[in-house]
Amino acid sequence: MPMSTSVTSEQDLAMINEPIARLFWRYSIPTIASMLVTGIYVTIDGMFIGHYLGEQGLAGMMLAYPVASILYAVGALIGMGSAALVSIYLGRNNVIQARRLVGNAFSLCLLFGLFFAIVGCWSSSHILQWLGATGEVLKSAEQYLFWYFALGTWPILSMAFSALLRNDGRPQAVTWILILGGVLNVIFDYLWIVVWPYGLTGAAIATMLAQAITAAFYLHHFFWGKTRLGINWQQMRLTVSNCLEIFKMGLPSFLMNLYLSIVLTLHNMAFMWVGGPIHVAAYAVVSYTEALFYLIFEGIALGCQPILSFNAGARRFERVFATFKYAVVATLLVAFIAVTFIYIKPEWLVYLFAGDNPALTPVAVNGMLLYFWGLPMEGLLLVGASFLQAIGLSKQASTITGAKLILIAIILYLFAWLFGLTGVWISLAVCSCILLVWLVFLLKRVSVSHAIK
């Protein structure tokens, strides 16, 4: 159902004329809050698994989740690709094409969900064995991965349409829906892990049920809500040009999410090579901690995206630069607070996920001290690449994100061979430092006035 002209005009005029500081906080605060909610229920997943399933559960989940997270990467590919394009076309006052892109995004989500349900369920055991999983760890990880893929349409839809709803001027609605999803995920975790002891199978089903409910709320807005971006059957017909446009613009987001999956997988393999299951479990604790803060960085990047893309489409580039400066300052502030807290009391974070575990605690604490000095660089890389993507420079954003995939693999293998466990822990921070230098050089060369052709 199309939105009235007056409402549409007010929303667009605010994007062009409202003070950047006010716009930044209006979009970023609810988006950061929604990412924090996501981080909290990811954290709670880890707490339930660590406290009720122990080291075996943490190790099994840590081996399976990076593979399963390909679903979120695909959701980001479709969601961020279409969301950035929708904002750019709205900035150009082309609502018809914006609606076509939303409809095509929905169809793509369904197709990819079906693909992973078939191929993922069939290949999950083979993938885990290739990663080195054996025995009980393999059994529990396989159960987790099977249900993730079987119900994978829901996280793809949820990831994609949270971005589109935010771009439709409803960042607060996204936050409340995610809060609901987070609460439900806690309840479902308790039911499927504690009340009904289904182990990692229960953890996967709990997460997928929560994703299904959040996806339903997002879709309600586009099928039955009052929006100028409503979906109908005609807009759902896929066209090659629309799909290619979405894939091209969304590729950096796909690579960013795929990068996280690959980083987790490579670390798991490296720890199994030079260490053992306890180091994989320790890395799970470190990763859960990192996810909480990384999602705040992602919230900053996603919150800025509608402002950046709309003003780039409207060719108001001074507002584009001003928004990016706010994002950089916010990222550095969050990183400083996070690193300070982690280095003062790392034991608290280990206890949060693993309880009083004398064998695991010293390994995880040592890992945190070696790992987290690179957190500020990770945040700046994410915000910088998202900035390039939001203003239409998807090629440059994809290049730097793709380089991360190659460089981390090289550094991780080399450092594990040279320095053992210590080398594995410090690899990501070293990689981020190198890439940040490249990003700064790239940003200086960017001519924003030619970003949108």
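Before moving on, here are some points about what is shown:
- Meets criteria (touching a residue at least 40 places away in the same chain (Cβ under 8 Å) and crowded, with 19+ Cβ neighbours inside 10 Å) for Phe217: yes
- Filter result for the condition that a residue is under 21 Å from the mean Cα position of the chain (by Cα) and more than 30 Å from Asn232 (Cα to Cα), over Tyr65, Tyr27, Tyr72, Tyr52: Tyr65
- Only listed residue being modelled with pLDDT of 90 or more, of a type in the set (Gly, Ala, Ser) and crowded, with 24+ Cβ neighbours inside 10 Å, chosen from Ala163, Ala141, Ala105, Ala133: Ala105
- Applying the criterion of being part of a helix (DSSP H, G or I), within 20 Å of Met269 (Cα to Cα) and not small (Gly, Ala, Ser) to the residues of the range 84-138, the residue that is farthest from the chain's Cα centre (by Cα) is Glu136.
- Consider the range 254-292 and keep the residues that are modelled with pLDDT under 80 and polar (S, T, N, Q). The one that is nearest to Met80 (Cα to Cα) is Asn257.
- Here Gly91, Gly169, Gly152, Gly181 are screened, and the one residue that is on the phi > 0 side of the Ramachandran plot and buried (at least 22 other Cβ atoms within 10 Å of the Cβ) is Gly169.
- Checking Thr227, Thr239 one by one, the residue that is in contact with an Asp or Glu (Cβ under 9 Å, 6 or more places away or on another chain), more than 30 Å from Thr422 (Cα to Cα), among the polar types (S, T, N, Q) and in contact (Cβ under 8 Å) with a residue 12 or more places away in the chain is Thr227 and no other.
- Condition check for Phe324: aromatic (Phe, Trp, Tyr) and either at pLDDT 90 or above or touching a Lys or Arg at 6+ places or on another chain (Cβ under 9 Å) (or both): no
- Residues that are free of Cβ contacts under 8 Å to residues at least 60 places away in the same chain and of a type in the set (Val, Ile, Thr), drawn from the range 202-213: Ile205, Ile213
The values are calculated or read from the model by the stated rules, or taken from the named source; none is laboratory data. Fair warning: this is a prediction, and the values are worked out from it, not measured in the lab. Here Cβ is always computed from backbone atoms with ideal geometry, including for glycine, and neighbour counts include all displayed protein chains.
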